[in-house]
Amino acid sequence: MRGRKADDYAKAALFVVSSRPGSGGKSIAVFIMNRKQLEHLVRASGSISGCRDVVIIGSQALLGACPDAPPEILTSMEADLYPADDPGKAELIDGCIGELSPFHETFGYYAHGVGPETATLPSGWKGRLVQVENENTGGTTGWCLAPVDLAISKLLAGRPKDIEFVRQIIRIGIVTENTLQGVLNELTPDNATHARHSLRSALSDNTSR
């Protein structure tokens, strides 16, 4: 049976019904992770790994700079993260509180332990990390990618869902084209070219809607 604390977190693990691109106009249920749940994952990851600093590099990193980000861009039940001082322990985190773990089954969300190489980032990304630390993180500090660096990593990944994510955060003003253009010089020439191409796609989508 779940304890009260588990119930408190589970209540926040809400599903919403919405019409999303690619759904054919049908209403579908989607998961929304919130800031409190991300803080819970930071605390659990620190406890498991014994590391006091955890880096969050996936879409949920947006909750660092934007705790109240619109739910339609946070439709995932996982947070991609790794211990800053010992990235190899990401595998331990994944095994303990990852997908299909008892933690996942109890709370409805989970940590995806990844490596630093998972995201390609501008050279100055570490100086822009957003700190997440409070009573809920239990002595562990979460370091979330800044929105501009998260967007660049998505542009370089280049999948349709990544381009859509960037399109959405540009549309609602979390990042701007000028801000993104300003950090392209922190990438290698090949990556900068790739990012510019993906950015054009995101901007084209914005102007056509």
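Every number here is computed from the coordinates shown, using simple stated rules; none is lab data. If you're wondering where the values come from, they're calculated on a predicted model, not measured in any experiment. Positions of Cβ are generated from backbone atoms using ideal geometry, with glycine treated the same way; all protein chains shown enter the neighbour counts.
Quick note on the stretch 146-209: its Rg to Rh ratio, both from C-alpha atoms and Rh being the Kirkwood radius, is 0.92. Fully extending the segment from Arg200 to Glu105, taken as 0.36 nm per residue of separation minus the present Cα-Cα distance, adds 30.2 nm.
Taking 10 °C and 1.306 mPa s as the conditions, I'd like the Stokes-Einstein D for the stretch 66-139 in µm²/s, using the Kirkwood hydrodynamic radius from alpha carbon pairs.
Details: Rh = 14.1 Å.
My calculation gives 112 µm²/s for D.
Multiplying the residue separation of Asp86 and Thr120 by 0.36 nm and removing their Cα-Cα distance gives an extension gain of 10.4 nm.
Take His197, His40 and order them by how many other Cβ atoms sit within 10 Å, fewest up front. Each step should come with its number before you reach the end.
Numbers: His197 11, His40 25.
Placing the least packed residue first, the sequence is His197, His40.
Considered as an equivalent ellipsoid built on the Cα gyration tensor, the stretch 85-194 has semi-axes of 28, 16, 15 Å, the largest given first.
Across the stretch 75-81, computed HN-Hα scalar couplings (Karplus, 6.51 cos²θ - 1.76 cosθ + 1.60, θ = phi - 60°) run 7, 8, 9, 10, 10, 7, 7 Hz from first to last residue, x flagging Gly and Pro. Scanning residues 5 or more positions from Tyr110 or on other chains, those with amide H under 5 Å from its amide H are Glu78, Ala79, with H placed 1.01 Å from N in the peptide plane.
Amide H contacts of Val55 (H built 1.01 Å from N, in plane; Pro and chain starts excluded): Tyr82, Ala84, Trp143 sit under 5 Å, all sequence-distant by 5 or more or on other chains.
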